[in-house]
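Take a look at the structure below.
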Amino acid sequence: MKILFVICARAGSKGVKGKNTRLFLGLPLIYYTIAAFEEYRLCYNGIDQIDMAINTDSELLVKQLEQTGTEYVYVHRKEYLAGDLVAKMDVIHDTLKEVEQLRNMTYDIVVDLDLTSPLRTPGDIDGTIRTLLEDENADIAYSVAKARRSPFFNMVSKNESGYYSILMKSDFVARQQAPECYDMNASIYAYRRAYLLSGQVYERRALIWIMRDSGILDIDSENDLKMMEVIAERFWSEEAGYMAVRKRAESYDGQR
């Protein structure tokens, strides 16, 4: 089994200026994703090969990574893949092809770790990958959090008349009757190589790994950043998995 992890982070950002190179509780944001990956690799070293590739066009991000003292494959973000409307899967696809050509090898699984979702544990990474591997017919597994709202009861959208109505009409009279819903939190995606290269993005057999509900947050605004810092401090003081990631991230800071 060969697994390629990827981090895709371009220099530009519409929501939060330069968010991929921002500090999060005093450390570069990228440190937490690298730390979670390294903790996973340390705990699950029975896999034949586990590699990491960084796809970016940000010189500052590369400098931050160099300060960690770790070595990964760098793939320069192509200009046509750096726009606001480029699908992330296209960038992941390009990264896989570049790394396989460079390494002269083929990976079985590709795992995308989102840089702006620092609240993940090695167990979350392992759980997502294991969920995919345990079903040979599955194409993809991704992390989610239990939804606090339901499209059958308290989510609305503007209708054709210009007013607002419940998103999904049903005969349910109690929330307990409705199917359980989940928020995709964009933290972890594990793809089978064949599916990733097929280009059939919406024709997929998907499975989920449920993360702690506060893990729904990622950084799309300044307010998100502040809220997540508050939550992170609590997580790091209470749970071993989060604490291990924080401690490893702090060790990188000592090398700067």
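The values are calculated or read from the model by the stated rules, or taken from the named source; none is laboratory data. Note that the coordinates shown come from a computational prediction; the quantities given were computed from them, not determined experimentally. A quick note on method: Cβ atoms are made from the backbone with ideal geometry, for glycine too, and the neighbour counts reach across all protein chains shown. To get the accessible areas, we keep the full protein, side chains included, count just its heavy atoms, and leave off ligands, DNA and RNA. Shrake-Rupley method; radii C 1.70, N 1.55, O 1.52, S 1.80 Å.
Some observations on this one:
- For the chain, built as a Gaussian network whose Cα springs stay under 10 Å, the top-fluctuating residue of 162, 69, 26: 162
- In this Cβ point-charge picture (+1 for Lys and Arg, -1 for Asp and Glu), the stretch 7-119 has a dipole of about 500 debye about its Cα centre.
- The relative contact order of the stretch 75-148 comes to 18 percent, based on Cα pairs under 8 Å that sit 6 or more residues apart.
- Computed from phi, the 3J(HN,Hα) profile of the stretch 132-137 under the Karplus parametrisation 6.51, -1.76, 1.60 (θ = phi - 60°) reads 5, 5, 6, 10, 5, 8 Hz, with x in place of Gly and Pro.
- For the stretch 1-92, the convex hull drawn through the C-alpha positions has a volume of 106 cubic angstrom per residue.
- Percent breakdown of C-alpha pair distances by 10 Å bin, ordered from the shortest bin, for the stretch 118-197: 16, 31, 26, 22, 4
- D_trans [Stokes-Einstein, Kirkwood Rh over alpha-carbon pairs] for the stretch 68-139, 4 °C, 1.567 mPa s, µm² s⁻¹: 89 µm²/s
- Pairs beyond 29 Å (Cα-Cα), from 78/158; 2/78; 88/146: 78/158
- Taking every C-alpha pair closer than 8 Å and separated by at least 6 residues, the mean separation divided by the residue count of the stretch 185-256 gives a relative contact order of 20 percent.
- Sequence-distant contacts, meaning Cα pairs under 8 Å at least 6 residues apart, place the relative contact order of the chain at 26 percent.
- Derived scalar couplings between HN and Hα for the stretch 106-111 equal 10, 8, 8, 10, 10, 10 Hz in order, rounded to whole Hz, by the Karplus curve 6.51 cos²θ - 1.76 cosθ + 1.60 (θ = phi - 60°), x for Gly and Pro.
- Highest GNM mean-square fluctuation among 201, 156, 144, for the chain modelled with Cα contacts below 10 Å: 156.
- Computed about the Cα centre, the dipole magnitude for the chain is approximately 440 debye when only Lys and Arg (+1) and Asp and Glu (-1) carry charge, each at its Cβ.
- Normalising the Debye intensity of the stretch 172-234 to I(0), with uniform scatterers on Cα atoms only, and taking log10 at q = 0.18 Å⁻¹ returns -0.89.
- The phi torsions of the stretch 47-53, fed into the Karplus equation with coefficients 6.51, -1.76 and 1.60 and a -60° offset, translate into couplings of 6, 3, 8, 10, 10, 10, 10 Hz, rounded to whole numbers, with Gly and Pro shown as x.
- Selection from 6, 165, 201 lying farthest towards where the dipole of the chain points positive, charges on Cβ: 165
- The chain - percent of accessible surface contributed by carbon and sulfur, probe 1.4 Å: 48 percent
- For residue 52, the residues 5 or more places off, or on other chains, whose built amide H falls under 5 Å of its own are 5, 73.
- Rolling a 1.4 Å probe over the protein heavy atoms gives the stretch 45-137 an accessible area of 48 Å² per residue.
- When both the stretch 26-41 and the stretch 175-221 are represented by their alpha-carbon centers, they are found 21 Å apart.
- Gaussian network model of the chain, springs between alpha carbon atoms under 10 Å - residue of 101, 177, 200 with greatest fluctuation: 177
- Hull volume per residue, based on the alpha-carbon atoms of the chain and their convex hull, is 161 Å³.
- Normalised per residue, the volume of the convex hull around the Cα set of the stretch 151-256 (Å³): 227 Å³
- Sum of -39500 (n - 2.57) over DSSP H runs of 4+, divided by residues of the chain (222 nm, nearest 500): -10500 deg cm²/dmol
- Under the convention that each Lys and Arg Cβ holds +1 and each Asp and Glu Cβ holds -1, the size of the dipole of the stretch 176-256 around its Cα centre is about 540 debye.
- Antiparallel %, DSSP beta bridges [both residues in the chain], to 5: 45 percent
- For residue 207, distant residues with modelled amide H under 5 Å away: 140, 141, 142
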